[in-house]
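See structure below.
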Amino acid sequence: MRWSQAFIPTLRDDPTDAEAASHRLLVRGGYMRQLMSGVYSLLPLGYRVRSKVITIIREELNAIGGQELLLPALHPREIWEQTGRAESMADILFTLSDLRGGDAILGPTHEEIFATVATELTSYKQLPQLWYQIQTKFRDEARPKSGLLRVREFTMKDSYSFDVDDAGLDQQFDRHFAAYTRIFERLGVTAVAVEASSGAMGGSDSIEFIVPSPAGEDDIAHCPACGYAANVERASSTIPSFHDEPGPDQPERFPTPGVHTIVDLEEFEGGASAERQIKTLVYVLDGEPTLVLLRGDHELHEQKLQDGTGAIDIRPGQPDEIRELLGADAGSLGAVGVTGPRILADLQLADRSNMVTGANLDDHHLRGVDVGRDIAVTEWLDLRTVAAGEGCPQCGEPLEVFRGIEAGHIFKLGTKFSKALGATVLNADGVPVPLVMGSYGIGVERNMAAAVEMNHDDTGIIWPVSIAPYEVVITAVKVDDEATMTVANRLYDDLNEAGIDVLIDDRNERPGVKFNDAELIGIPYRVTVGPRGLASDIVELADRCTGEKSELQIEAAAQELVRIVTRAR
RNA sequence: CGGGACGUAGCGCAGCUUGGUAGCGCGCAUCGUUCGGGACGAUGAGGUCGCCGGUUCAAAUCCGGCCGUCCCGACCA
């Protein structure tokens with residue numbers, strides 16, 4: 001491509017509304033433009049990167065036996081009602097109606113539709129099957145952000161596996177794990193595999209691939225010693241057990257005027273340290289008020305609450321709901337003697353005694369509470385948020401917590417969707433069994449952004465060769481110098497012929513402008529052709545990643561570049 | 001959905017307090033001089049001041065409503 005003919009609208013200034021590095025650089029480098037919140041147009045450079053990402057994904061999926069197909073983005077609402085997700089995912093569904101008055105949904109993911117197609121499978125002999133597509137998803141995110149990292153319309157590679165039993169699913173899951181590992185390697189992003197919550201997907205097991213980055217939105221608990229890694233939505237940890245002094249035979253109520261928080265009670269004369277307090281929260285789970293208990297210094301993780309209870313709709317109770325339920329305001333709540341609502345308690349409260357909690361009477365608390373004796377716990381769950389420094393659940397060494405971008409997610413779905421939609425086959429015994437499904441997703445544009453987050457500097461993007469829009473840029477220093485253009489054009493032709501993606505900067509601009517643009521858009525190799533080098537029969541090679549410069553003999557330049565680029569791919 | 005900020009030329013911004021001809025830098029076009037790390041001079045083109053309504057002789061500016069965008073939080077694959 002000749003830069004003079006290309007549409008590469010680079011900007012001198014950073015766009016003000018772009019915070020994340022990938023957002024800022026992709027806009028400034030002329031890769032994309034925003035159309036509306038969370039919706040972007042990919043310009044020629046952006047489209048080239050996207051195509052390369054897709055090619056890599058496609059190659060790796062084909063390598064594990066995936067069959068590519070294409071399903072609609074427009075779905076009838078009824079199918080989504082059959083699995084209950086019209087309701088459970090309602091807040092992110094784009095919905096529309098057609099001329100017949102029917103309701104339609106723009107697909108946010110495709111489990112329902114793949115399962116529908118899979119109803120045509122009839123025998124275990126046809127299994128396993130692995131189908132995938134590379135297709136546009138629509139999710140009406142409450143808060144799109146950070147350019148391509150969190151958008152409302154995006155391309156996803158989603159694959160779905162169908163097996164007759166769990167053993168088959170496990171195999172397909174493991175194959176995807178390996179394929180994903182190769183994909184991220186080839187994309188030039190380091191992704192860490194972590195245990196994750198399945199969220200709205202349901203199913204038994206799921207693994208996220210997380211690219212460490214402060215621009216991400218997921219917190220990962222990681223053990224440097226043994227390699228344990230889990231999203232905090234799911235991570236557990238060990239903490240020292242707490243030794244309780246013996247307490248009274250029954251709880252004692254005492255006045256605590258003005259005490260409304262854990263900290264207040266710690267500082268209150270006759271109060272207790274946070275470790276000795278029981279925090280009582282009121283949540284409404286699918287319309288049902290529920291008490292949630294944790295140790296005073298522990299934070300609830302709502303995803304754990306949702307996963308642990310299977311609730312679809314989950315929210316903190318309103319002040320009036322709390323008062324109606326317990327007869328007191330937040331700050332004086334407790335579960336002692338409460339019998340109506342469900343009481344969910346964090347595991348760390350088990351066997352604790354002589355603790356302090358609210359008395360369900362404003363400005364009063366109870367001391368000497370023995371959890372097992374005094375509170376009618378309905379269910380014990382892991383509800384607390386893991387914190388850095390706590391013990392690894394596998395080896396006990398201190399955990400680290402880091403931020404990252406969810407670059408991919410693979411799920412063992414089980415039979416949730418096949419049962420709901422009637423996708424069954426006959427097994428070897430002639431008995432109809434629901435297909436055992438897995439689903440596996442990678443966000444294409446999100447991975448482009450993740451690659452930029454990981455690979456950039458002050459002057460611009462540093463693309464991995466594998467997904468760079470062009471592998472080589474030839475910078476012709478002086479376009480009205482005949483010798484320069486002869487050499488530059490010949491090199492351009494030779495590289496093109498050798499199958500190298502090459503861009504020649506033949507614009508009539510000053511060299512500084514060209515160098516800066518080349519670095520901004522992040523082409524891995526820049527070859528400078530100009531009178532200065534030509535005088536000694538050389539062109540200059542600059543490596544965008546290392547910053548190193550070297551000289552190439554003109555006659556050997558094309559061959560040498562082909563060798564370098566081919567090796568780096 | 002809660003909190004905060006912003007909307008004026010392709011991009012980055014000033015002007016608004018105190019109402020009166022819409023400005024600056026970059027970019028763009030033409031010409032000239034330049035040319036190995038974002039040149040210089042000259043001459044130009046380009047704007048329903050987010051939208052609707054109100055006040056006023058007069059609104060980018062004051063008032064009301066709406067829309068849009070970003071950031072923090074909540075939520076989310």
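Bear in mind these aren't lab numbers, they're just calculated from the coordinates by the rules spelled out. Only a predicted model underlies this, so the values are computations on that prediction, with no experimental measurement involved. Neighbour counts run over all protein chains shown; Cβ positions are idealised from the backbone, glycine included.
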Over 24 Å (Cα to Cα) among A:Lys125/A:Lys157; A:Lys52/A:Lys478; A:Lys52/A:Lys137; A:Lys52/A:Lys157 -> A:Lys125/A:Lys157; A:Lys52/A:Lys478
Tell me the angle of helix A:554-568 to the major Cα principal axis of chain A, expressed in degrees between 0 and 90 and rounded to the nearest ten. 20 degrees
Cβ-based charge dipole, the range A:332-489, positive-most Cα from A:Pro464, A:Val369, A:Pro393: A:Val369
Nearest-ten-degree value, helix A:482-497 long axis tilted from longest Cα axis of chain A: 60 degrees
Convert each backbone phi in the range A:502-519 into a coupling constant with the Karplus relation 6.51 cos²θ - 1.76 cosθ + 1.60 (shift: θ = phi - 60°), then list the ³J(HN,Hα) values in order as whole Hz, x for Gly and Pro. 10, 10, 10, 8, 9, 6, 7, 10, 5, x, x, 4, 5, 4, 5, 5, 4, 6
Using only Cα atoms and rounding to the nearest 10 degrees, what angle (0 to 90) does helix A:44-63 make with the longest principal axis of chain A? 70 degrees
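How many percent of DSSP beta bridges within the range A:470-568 run antiparallel, rounded to 5? It would help to have the intermediate numbers written out before the result.
On the way: 9 of 18 bridges.
For the range A:470-568, the DSSP antiparallel bridge percentage is about 50.
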Can you work out the PRE-style zone for A:Cys226? Point 7 Å along Cα to Cβ, and I want the residues of the range A:369-399 with backbone N under 16 Å. A:389-399
Tell me, what HN-Hα J-couplings in whole Hz come from the Karplus equation 6.51 cos²θ - 1.76 cosθ + 1.60 at θ = phi - 60° for each residue of the range A:105-122, using x for Gly and Pro? 10, 7, x, x, 5, 10, 3, 4, 6, 4, 5, 5, 4, 6, 5, 6, 6, 10
Which peptide among A:334-343, A:32-41 comes first, and what is the full order, when sorted by highest mean count of other Cβ atoms within 10 Å? A:334-343, A:32-41
Under 4.7 Å Cβ to Cβ, no partner at all: give me those cysteines from chain A, in residue order. A:Cys545
Divide by every residue of chain A the summed helix terms, -39500 (n - 2.57) for each DSSP H run of at least 4, and state the resulting mean residue ellipticity at 222 nm, rounded to the nearest 500 deg cm²/dmol. -8000 deg cm²/dmol
